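Heads up: the structure comes next, in structure tokens.
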Amino acid sequence: MESTAARTAPAVIVAIDGPSGTGKSSTSKAVAAQLGLSYLDTGAQYRAITWWMVTNGIDVTDPAQIAAAAGKPEIVSGTDPSAPTITVDGTDVAGPIRTQEVTSKVSAVSAVPEVRARITELQRSIAAEAAQGIVVEGRDIGTTVLPDADLKIFLTASPEARAARRSGELKGADVNATREALIKRDAADSTRKTSPLAKADDAVEVDTSDLTLQQVIECVVTLVEEKRAAK
Ligand SMILES: Nc1ncnc2c1ncn2[C@@H]1O[C@H](COP(=O)(O)OP(=O)(O)O)[C@@H](O)[C@H]1O
Ligand SMILES: Nc1ccn([C@@H]2O[C@H](COP(=O)(O)OP(=O)(O)O)[C@@H](O)[C@H]2O)c(=O)n1
């Protein structure tokens, strides 16, 4: 049964953007779970379309080929923060989208305007359907996908902190190589023409370098509760 808090709290839309390894996914999932909101990992959607391109022999160095195929795969995201899911044409791709191959190709695929238009439309419809509200994390949520979000957060962290976190996840990965790969992907994502990685003017910036994950979660929960109270 729905709780009284969930029934009475107004729906709230939260956009969390930032570069890789700043804590977007961990923070967004925890905040959504704690506040009874839906959760959407938009990076997983770009990874899923990239996986489909690679699997179907599309040359990802050719934007025309990517653009022509952009409408073909059907991507479905499950938005329960305690068990988020991602499928492409009915296949669970949660594992395959995290491979090194997909990670190294996702920036090229996600820079193609036809890909962004398709995925942006999907993201907006998912956000519109979230009855209690949603936490959406990515690179261009506050600037482009949901410019009217109730709360926008931009997470940052030093390249050293981000590389240490990521190489901790990828067991045995070299920290320096991870750091270089992150910097390269951030540069590609920040300099593309269509909706680059950027902080919205009205976003709250949080540097997570010296904060624990729990501190970041508490900070964002407090900001969401303040917004909800003011609605
Ligand atoms: N503030 C933090 N302090 C230490 N580790 C963190 C912090 N935030 C996230 N992490 C860890 O860093 C890794 C990357 O976090 P993630 O949420 O996937 O980042 P992003 O979604 O921005 O790429 C995860 O292993 C996560 O547990
Ligand atoms: N809103 C978004 C989210 C991700 N992306 C792209 O998708 C890639 C993977 O995003 P991600 O959030 O899974 O990356 P990680 O930081 O988790 O490694 C990014 O490097 C961007 O190229 C994007 O272009 N726009």
### Message
Let me test this: with uniform point scatterers at the alpha carbons of segment 51-94, what is the Debye-based log₁₀ I(q)/I(0) at q = 0.24, 0.31 1/Å?
### Response
-0.83, -1.07
### Message
Give me the net charge for the shell around Thr85: Cβ to Cβ below 12 angstrom, other residues only, Lys and Arg +1, Asp and Glu -1.
### Response
-3
### Message
Given the options Thr50, Ser26, Ala117, identify the residue whose Cα lies farthest towards the positive end of the charge dipole of the chain (+1 on Cβ of Lys, Arg; -1 on Cβ of Asp, Glu).
### Response
Thr50
#### Entry: Compactness of segment 134-196 - radius of gyration and Dmax, Cα, Å
14.1, 42
#### Entry: Computed magnitude of the charge dipole of segment 1-157 (debye, nearest 20; Cβ of K, R +1, Cβ of D, E -1)
260 debye
### Task
Take the alpha carbon atoms of the chain, find their radius of gyration, then divide it by 2.2 N^0.38 Å using N residues; give the quotient.
0.99
### Task
Work out how much length Lys171 to Glu114 would gain on full extension: take 0.36 nm times their residue separation and subtract the Cα-Cα distance, in nm to one decimal.
17.0 nm
### Task
Enumerate the lysines that Lys193 could reach by cross-link, defined here as Cα to Cα under 24 Å, with residues fewer than 8 away along the same chain left out.
Lys24, Lys72, Lys105, Lys152, Lys184
### Query
Counting Lys and Arg as +1 and Asp and Glu as -1, what is the net charge of the other residues whose Cβ lies under 13 Å from the Cβ of Ala198?
-2
### Query
Just the Cα atoms of segment 80-205, one point each, no solvent: what log10 I(q)/I(0) does Debye give at q = 0.17, 0.18 Å⁻¹?
-1.16, -1.29
### Message
Per residue of segment 187-202, what does 6.51 cos²θ - 1.76 cosθ + 1.60 with θ = phi - 60° give for ³J(HN,Hα)? Whole Hz please, x for Gly and Pro, Karplus curve as stated.
### Response
5, 5, 5, 7, 10, 5, 6, 8, 5, x, 4, 7, 7, 5, 4, 9
### Task
Only helical DSSP H runs with n ≥ 4 go in: add -39500 (n - 2.57) per run for the chain, normalise by residue count and round the 222 nm mean residue ellipticity to 500 deg cm²/dmol.
-15000 deg cm²/dmol
### Task
Name the residues whose placed amide hydrogens come within less than 5 Å of the amide hydrogen of Thr156, ignoring near sequence neighbours (fewer than 5 apart) on the same chain.
Val206, Asp207, Thr208
### Message
Quick check: convex hull over the Cα atoms of segment 173-231, volume per residue in Å³, rounded to an integer?
### Response
124 Å³
#### Entry: Value of Rg to Rh for segment 1-103 (Rh from inverse mean 1/r over Cα pairs, i.e. Kirkwood)
1.05
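No lab work stands behind these numbers, since they all come straight from the coordinates. The model shown is predicted, which means the values in this text are computed figures rather than measured ones. Positions of Cβ are generated from backbone atoms using ideal geometry, with glycine treated the same way; all protein chains shown enter the neighbour counts.
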